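Participant: One structure coming up, written as structure tokens, with questions to follow.
The values are calculated or read from the model by the stated rules, or taken from the named source; none is laboratory data. A quick note: this is a predicted structure, and the numbers were derived from the prediction, not measured. Because the Cβ atoms are built from the backbone with ideal geometry, glycine has one as well, and the counts that use them run over all protein chains shown. Heavy atoms of the whole protein, side chains included, go into the accessibility calculation; ligands, DNA and RNA do not. Shrake-Rupley method; radii C 1.70, N 1.55, O 1.52, S 1.80 Å.
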Amino acid sequence: MQTSPLTPTLRRSLAPALLALALMPLALTAQADQHGKHGGERSNKAEQMQERMQERRAELYQRAGISESKQAQLNKAREQHFNAMREVREEHQARIQTILSDEERQSLESTMREMREEFHEGRGQQGQKGHGQGNQGQGHGNQSQARGNSPQNAQ
């Protein structure tokens, strides 16, 4: 049986993406564990961030003209969603712990970290390639200025 020349190419290009997607929940769990290691410092920052996000949502709702009763309903729905997602993450973490040994989990986490670093290094190089080609007004070239990170703001 003869395969098309496209098949090996597709495998090489899709395999890392599929692996990354399959491992993403584990990566999120590993990050959550790291956040827990810093104790009160992290939880205080998390509380501050939650307060800022709550203030932003309140401002958003006010600007959009959403009534207070609907704001309360939206906040309740968001909280329920957050809790459901947390439960799913915890269940998934428990399943992974039953599947993999501690050694395998550590190996997987370090490999994911390496792959993430490689990915980010590759993205940084891609960004540098297109930066000096006169296309700042198109596509991604102007994103840093749109976020307020223009060279004038850096000074």
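Participant: Please list 74, 60 from largest to smallest accessible area, probe radius 1.4 Å, with all protein chains kept in place.
Facilitator: I get 60, 74, largest accessible area first.
Participant: Label-point separation (nm) for residue 120 and residue 84, each offset 7 Å from Cα along Cα-to-Cβ?
Facilitator: 3.2 nm
Participant: When all protein chains stay in place, what accessible area (Å², nearest 10, 1.4 Å probe) is found for residue 49?
Facilitator: Answer for residue 49: close to 110 Å² accessible.
Participant: Would you check the accessible area of residue 90, probe 1.4 Å, heavy atoms only, in square angstrom rounded to 10?
Facilitator: 110 Å²
Participant: Taking R0 as 30 Å, what's the FRET efficiency between residue 60 and residue 93 from their Cβ-Cβ distance, rounded to 0.05?
Facilitator: My answer for the efficiency is 0.40.
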